[in-house]
Amino acid sequence: MSQTFDRFQTLYERLNQLSRIGILVSWDMYTATPKKGFDDMAKAMTFLSTEAFALATSDEFYDLVLALNEPEEYRQLNEAMQYSVRYLKRDLEKRRRIPKDFYEDFVNTQNDAMRAWEDAKRASDFSIFAPHLEKIIDMIAKNCAYIDPNKDPYEVLLDQFEEGMDSATIDRIFEELKEGLLPLLDQILKAQQPESAIHGSYDPDAQKKVQKLLLEYIGFSFDAGTTAQSEHPFTTGLSCNDVRITNHFYEDAPLSAMFSAIHEGGHGIFEQNVNPAFHNTEAASCRYMGVHESQSRFFENILGRNRNFWIPIYPKIQELLPGLKTVSLDQFYREINHVQNSLIRTEADEVTYCLHIILRYEIEQAIFRDHVPVEELPKLWNQKMKEYLKITPPDDASGILQDVHWSNGQFGYFPSYLLGSIYDGMFLEELEKELGPVDQILADGKIQTITKWLNDKIHQYGSTRLPKDVIRQVCDRELSAKPLLDYYRKKYTELYQLKES
Ligand code: ZN
């Protein structure tokens, strides 16, 4: 290898180690650090990210990356390194266009907005958050203009989370989904609703055993993974050999931790099964949020909310959680698929969840395309809730203030959740074409054949394929919401005994 590559490797290794320690510090902050120790850990975090930022944006590192992108150097690199230097070049170009003063100001504005959002949510008063939101929106538009002055700001935002995805495509598939979903939802809500059968209290230690059972069942490896507890469940990957997931156990709501375990397990299985040859490169983890979310949602919804998923394990779960002994598998199945027009996105069922996301996507477009003033947003939110979900939030806390994303400046993130589900409809269709009916595979207790299929078709590639290429190569057809709609129609027509339409 060339001298250029050797020098690059030295600096890149340093960056990788800083990042690894940073991830560990943040893992510790959310799972173990006591309240009084939090500030010091936050300082350690700032120290590490400043060091990493300085190194990554240094002229020396940038020049090395540019040199490795030249044909004679590039040709000598392996696949993962080729991806890495291409990615780093684009990423550093973007970062170097943002003036340092602006960036610092932006980070501070985000921190202030986050605190204001917390206060506003607690007081359920949008006016506390409004001036901060206005400033954030303004700065995001500027930031987008630095990154790419020739591109519409909202396109820049979408590209950050799901590279290569554009609003014309999202408009098309979300519209297709909305048109099919609204009449279906209407029918479901008019049908007979199940009564809750799950009551009483469930020991958190027993719930932890259920989590372990579920994770092993779906194929999460404990040789390359571990679990802990945190306020909100999340997954963090240090490498394919060390993937960590968290959960939160509520004594009165055992389903919450069960489905979070399956969801985070899906993210974890993805990270554990990236090609080991990609270790310590940019390719080693999947950076596309829609594709990542497609995997967690495939396990959580397509598999986990299928009745047959539970057939092989339900008796064992009843042993661990005696409160479920009086709940039949059918009652359990109905309860995990109870469709309701609820206010809160994170508590929504898989059908209404789509509408929660479409609403947010349309509001983001209203902000960045139509420049709707911030003070009009709560009204717009409530109008759309009424139109799509037939309910009006009683206050801002359960309406426009419910999500953290906008206070963090994460505009353009929401669509990834729903893109994930839309990809899932397509993956399901293809999987059944190749392996036969999922119902049968699950009933036979062969879920790991499905996990293996996802490993081979999707996980092993890490970040090396753009989302649209993943879809094209796995499904060999154009992106469409129809397979997801077909899946909902079939499942809920049967479950709610709807008339075929
Ligand atoms: Zn997720």
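The values are calculated or read from the model by the stated rules, or taken from the named source; none is laboratory data. Note that this is a predicted model, so its numbers are computed, not measured. Here the Cβ is made from the backbone with ideal geometry for all residues, glycine too, and neighbour counts use every protein chain on show. Side chains are part of the model used for accessible areas, which takes the heavy atoms of the whole protein and leaves out ligands, DNA and RNA. Shrake-Rupley method; radii C 1.70, N 1.55, O 1.52, S 1.80 Å.
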TODO: Considering each of PHE309, PHE299 in turn, give the residue that is assigned to a helix (DSSP H, G or I) and away from the ligand (no atom under 12 Å from the Cβ).
DONE: PHE309
- [ ] Could you tell me which of the residues HIS232, HIS267 is within 14 Å of the ligand (Cβ to nearest atom), without any contact (Cβ under 8 Å) to a residue 24 or more places away in the chain and not assigned by TED's automatic domain parsing to the domain that holds THR31?
- [x] HIS232
Task: the range 407-444, residues that are modelled with pLDDT under 95 and part of a helix (DSSP H, G or I) - done: SER407, ASN408
- [ ] Have a look at ASN247, ASN273 and point out the one that is buried (at least 17 other Cβ atoms within 10 Å of the Cβ), in contact (Cβ under 8 Å) with a residue 12 or more places away in the chain and away from the ligand (no atom under 16 Å from the Cβ).
- [x] ASN273
- [ ] Mind listing whichever residues of the range 276-296 are away from the ligand (no atom under 16 Å from the Cβ) and surrounded by fewer than 20 Cβ atoms within 10 Å (Cβ to Cβ)?
- [x] PRO276, ALA277, HIS279, ASN280
TODO: Check ASP186, ASP148, ASP252 and return the single one that is open to solvent by 40 Å² or more (accessible area, probe 1.4 Å) and in the same structural domain as ARG95 (by TED's automatic domain parsing).
DONE: ASP148
- [ ] Report yes if SER407 is in contact with a His (Cβ under 9 Å, 6 or more places away or on another chain) and either surrounded by fewer than 20 Cβ atoms within 10 Å (Cβ to Cβ) or of a type in the set (S, T, N, Q) (or both), otherwise no.
- [x] yes
Open item on the list: When you scan the range 54-76, do you find a residue that is surrounded by 14 or more Cβ atoms within 10 Å (Cβ to Cβ), touching a strand residue (DSSP E or B) at 6+ places or on another chain (Cβ under 8 Å) and outside the structural domain of THR235 (by TED's automatic domain parsing), even just one?
Closed with: no
Open item on the list: Give me the residue from the range 255-264 that is among the small types (Gly, Ala, Ser) and open to solvent by less than 20 Å² (accessible area, probe 1.4 Å) and, out of that set, farthest from the ligand (Cβ to nearest atom).
Closed with: ALA257
